[in-house]
């Protein structure tokens, strides 16, 4: 049986991520017109699926977006999540932790942002920052960040056991493409505000981040919360694949509309 897009990007539990062997510019057999058509079909389908999730009100969906700077996390939210009703969807962007957040365990602020029943939650960056930037920049001792893989797996199992389905997407961008996008930011007046000198500093740590991602993806891809490695050099591939993953995940939940708790036929609306 031919592999689906979801099969091709899913990282099976226990398998290495092998990022250096994965092509960030892979088209996955798509062309741009076909990808655009599939994206629009998915956006139309999302309307009904989200409505069913909201009406059922027993489960939730958490979408985790991770990737290097410029990999397209914001773009994914704009182009893929545009098919969602904002009243039932919440996007959380995790920046550097505040003083209050630092006074708690690293998952405290994450758990607070987890979606409620009936909701779709989107994490633009996530708890994985605490085994990525915290590791690369030496913000905590190695003993602490190494223990976090197991803690993250336990946390995601807790969410899963309590009705939250988790869809995790790593946006895999090449170093060459990142340079092009950083230059575009720098020279586009509409995007220059997004550029920071720290972006250059972080780019010099590229090999360290790749090692950190290798471990995070491999150690935290589980049956209840597998990672999906999305080729992200081509934005149209990224958007089409994540949209199909989102639709496929919601469809697999077999969402159903609740039945009325009264006799509908017996209700008469007065003039």
I'd like to verify a number: residues in the stretch 124-142 that are part of a loop (DSSP other than H, G, I, E, B) and either in contact with a strand residue (DSSP E or B) (Cβ under 6 Å, 6 or more places away or on another chain) or surrounded by fewer than 17 Cβ atoms within 10 Å (Cβ to Cβ) (or both), how many?
6
Residue that is surrounded by the most Cβ atoms within 10 Å (Cβ to Cβ) [pool: residues in the stretch 180-199 that are closer than 29 Å to residue 20 by Cα and free of Cβ contacts under 8 Å to residues at least 12 places away in the same chain]
194
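Residue-wise test of (1) under 19 Å from residue 240 (Cβ atoms); (2) without any contact (Cβ under 8 Å) to a residue 12 or more places away in the chain; (3) surrounded by fewer than 19 Cβ atoms within 10 Å (Cβ to Cβ).
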residue	(1), (2), (3)
49	yes, no, no
59	no, no, yes
72	yes, no, no
76	yes, no, no
79	yes, no, no
84	yes, no, no
98	no, yes, yes
107	no, no, yes
Residue 44 closer than 21 Å to residue 249 by Cα, surrounded by 14 or more Cβ atoms within 10 Å (Cβ to Cβ) and at pLDDT below 95:
no
Among 50, 66, 40, which is the only one that is part of a helix (DSSP H, G or I) and touching a strand residue (DSSP E or B) at 6+ places or on another chain (Cβ under 9 Å)?
50
Pairs where the first residue, in the stretch 143-164, is on the phi > 0 side of the Ramachandran plot and outside any strand (DSSP E or B) and the second is modelled with pLDDT of 95 or more and surrounded by fewer than 16 Cβ atoms within 10 Å (Cβ to Cβ), C-beta under 7 Å, 6+ apart:
163/58; 163/117
State whether the residues of the stretch 165-175 include one that is surrounded by fewer than 14 Cβ atoms within 10 Å (Cβ to Cβ), over 15 Å from the mean Cα position of the chain (by Cα) and not in a strand (DSSP E or B).
yes
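The values are calculated or read from the model by the stated rules, or taken from the named source; none is laboratory data. Worth saying up front: this structure is predicted, and the values here are computed from it rather than measured. With ideal geometry, Cβ positions are generated from the backbone for all residues, glycine too; neighbour counts draw on all protein chains shown.
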